[in-house]
Amino acid sequence: MALTLHSCHPHWEESQPDLAGAAIPPEAVWIDLVDPSPDEMAFIQRTTGLEVPTRAEIGEIEASSRLGTENGAFYFNTPVLYGAAAGEPKVTPVGLVLSK
């Protein structure tokens, strides 16, 4: 599981939200999904109404299609370099969905 909800409040973070809940807590302003389980993905899609792309879908996106909008949400996908400081550079796809 890798779903974490973040807030603007300095010490508020929820790493195990109630996946059966009807809504995301109102304090949440940022949602991290790192290799989410099917239940976590379903919770986010159900509670936000957004179509969240999978890691595989993000990795398949052509450079010319990395930016887009759908139903008032802004989608951005890009490869990101990590591990370079440790001398083992790798690339992973990262996707951002920005909405109200």
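Overview of results
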| read-out | value |
| --- | --- |
| Residue count for region 1-50, restricted to those that are part of a loop (DSSP other than H, G, I, E, B), under 24 Å from residue 92 (Cα atoms) and in contact with a Ser or Thr (Cβ under 7 Å, 6 or more places away or on another chain) | 3 |
| Identity of the residue in region 53-79, aliphatic (A, V, I, L, M) and exposed (fewer than 10 other Cβ atoms within 10 Å of the Cβ), that ends up farthest from the chain's Cα centre (by Cα) | 63 |
| Conditions (1) over 15 Å from residue 100 (Cα atoms); (2) among the aromatic types (Phe, Trp, Tyr); (3) modelled with pLDDT under 90: number failed by residue 30 | (1) |
| Filtered residues of region 9-47 (kept if open to solvent by 100 Å² or more (accessible area, probe 1.4 Å) and of a type in the set (Phe, Trp, Tyr)) | 30 |
| Some residue of region 52-65 being modelled with pLDDT of 85 or more, among the small types (Gly, Ala, Ser) and more than 17 Å from residue 6 (Cα to Cα) | no |
| Verdict on residue 94 being modelled with pLDDT under 90, in contact with a helix residue (DSSP H, G or I) (Cβ under 9 Å, 6 or more places away or on another chain) and outside any strand (DSSP E or B) | no |
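The values are calculated or read from the model by the stated rules, or taken from the named source; none is laboratory data. Keep in mind that this is a model prediction, so the values were computed, not measured. All Cβ positions, even for glycine, are placed from backbone atoms using ideal geometry, and neighbour counts span all protein chains on display. All accessible areas refer to the heavy atoms of the entire protein, side chains included, with ligands and DNA or RNA removed. Shrake-Rupley method; radii C 1.70, N 1.55, O 1.52, S 1.80 Å.
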